[in-house]
Amino acid sequence: MRIDVVTIFPTYFEPLEMSLLGRARGRGLLDIRVHDLREWTHDRHRTVDDTPYGGGAGMVMKPEPWGEALDAVTVDAHDPVILFPSPAGVLFTQAMARELAGEERLVFGCGRYEGIDERVFDYAGSIGRVRLVSLGDYVLNGGEVATMAMIEAIGRLVPGVIGNPESLVEESHEDGLLEYPGFTKPSTWRGREVPSVLLSGNHGAIARWRREQQLERTRERRPDLLDGEDGDDAR
Ligand code: 6GU
């Protein structure tokens, strides 16, 4: 999978050279290319923003550098998915990460200031499939941190990136529930015991206990995952 990121802060993405995704890049599974939006400005000050038509606070990102950037990074792409992180987007979910992990080409456009000129999203729709995506109901200063989170969520689901794919099966959100709790040695630590069922060797009982734990903590912490058809296949 190739991922292009367009940003005015390329250094935000340096951590992608580390750890799991860094190794996946080294092995050729992920081709992640980070681009400075200012490469596509032509004035002395490399201007990427301007005041909003109609007035109001803040600045809006100018369409021209975005148009040139999108043209350049997608010149050899066929129907890429073009993602714009935005608190006004649809919620990014594990189901979406799973779908996107099967794509050939992704482009992330990181907006700053009060946003990007709206016409850019329409233009991007003439190049590929546009998605405005939000991490949740809070506001970040720009799309960079959200893009990092999404690249990690998507990248780890690309076949071959994680050594033992079984570790992907039982984690939180994969079956619409939160994950069951984990314990390791010692069996007593600072007066706290590991639940005895886990030491019983009874695999049926362990599986039933873990399922109950998943349901209980989902009910407690994320009741929204249990009601309605919005989850993956919560039950
Ligand atoms: Cl994707 N972007 C920004 N700027 N803020 C956010 C967000 C995204 N998701 C939650 N807050």
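The values are calculated or read from the model by the stated rules, or taken from the named source; none is laboratory data. What you are looking at is a predicted structure, and each value in this text was computed from that prediction instead of being measured. Note that each Cβ is placed from the backbone with ideal geometry, even for glycine, and that neighbours are counted across all protein chains shown. Only protein heavy atoms, including side chains, enter the accessible area calculation; ligands, DNA and RNA are left aside. Shrake-Rupley method; radii C 1.70, N 1.55, O 1.52, S 1.80 Å.
Okay, here's what the table says:
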quantity: Given (1) within 16 Å of the ligand (Cβ to nearest atom); (2) crowded, with 17+ Cβ neighbours inside 10 Å, number of the condition H173 does not satisfy; calculated: (1)
quantity: Verdict on E17 being farther than 18 Å from V130 by Cβ, exposed (fewer than 15 other Cβ atoms within 10 Å of the Cβ) and in contact (Cβ under 8 Å) with a residue 12 or more places away in the chain; calculated: no
quantity: Meets criteria (touching a residue at least 12 places away in the same chain (Cβ under 8 Å), out of contact with any Pro (no Cβ under 6 Å at 6 or more places or on another chain), open to solvent by less than 70 Å² (accessible area, probe 1.4 Å) and assigned to a strand (DSSP E or B)) for V158; calculated: no
quantity: Close pairs from the stretch 38-52: first without any contact (Cβ under 8 Å) to a residue 24 or more places away in the chain, partner basic (K, R), Cβ under 6 Å, at least 6 apart; calculated: R46/R38; D50/K62
quantity: Failed item, numbered, when D117 is tested on (1) more than 15 Å from the chain's Cα centre (by Cα); (2) within 21 Å of P10 (Cβ to Cβ); (3) buried (at least 19 other Cβ atoms within 10 Å of the Cβ); calculated: (2)
quantity: Pairs with Cβ under 6 Å, 6+ apart, first in the stretch 134-154 and among the basic types (K, R), second surrounded by fewer than 22 Cβ atoms within 10 Å (Cβ to Cβ); calculated: none
quantity: Given (1) within 24 Å of L226 (Cβ to Cβ); (2) within 16 Å of the chain's Cα centre (by Cα), number of the condition E144 does not satisfy; calculated: (1)
quantity: Residue tally, condition of a type in the set (S, T, Y) and open to solvent by less than 60 Å² (accessible area, probe 1.4 Å), over the stretch 22-55; calculated: 2
quantity: Residue count for the stretch 128-138, restricted to those that are of a type outside the set (D, E, K, R), open to solvent by 50 Å² or more (accessible area, probe 1.4 Å) and near the ligand (Cβ under 8 Å from one of its atoms); calculated: 2
quantity: Any hit, the stretch 60-71, residues being within 16 Å of L37 (Cβ to Cβ), within 16 Å of the ligand (Cβ to nearest atom) and under 18 Å from the mean Cα position of the chain (by Cα); calculated: no
quantity: Pair list, Cβ < 6 Å and 6+ apart or interchain, from the stretch 106-132 residues that are in contact (Cβ under 8 Å) with a residue 40 or more places away in the chain to residues that are open to solvent by less than 20 Å² (accessible area, probe 1.4 Å) and of a type in the set (D, E); calculated: V107/D4; C110/E144
quantity: Residue ID - nearest to the ligand (Cβ to nearest atom), chosen from residues in the stretch 78-105 that are free of Cβ contacts under 8 Å to residues at least 40 places away in the same chain and exposed (fewer than 15 other Cβ atoms within 10 Å of the Cβ); calculated: E99
quantity: Filtered residues of the stretch 24-83 (kept if part of a loop (DSSP other than H, G, I, E, B) and small (G, A, S)); calculated: G28, G54, G55, G56, A57, G58, A77
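Per-residue answers, yes or no, for (1) modelled with pLDDT of 95 or more; (2) at positive phi; (3) within 16 Å of the ligand (Cβ to nearest atom):
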position: F108; (1), (2), (3): yes, no, yes
position: G115; (1), (2), (3): no, yes, yes
position: S126; (1), (2), (3): yes, no, no
position: L140; (1), (2), (3): yes, no, yes
position: V145; (1), (2), (3): yes, no, yes
position: G160; (1), (2), (3): no, yes, no
position: E166; (1), (2), (3): no, no, no
position: G182; (1), (2), (3): yes, no, no
position: R192; (1), (2), (3): yes, no, no
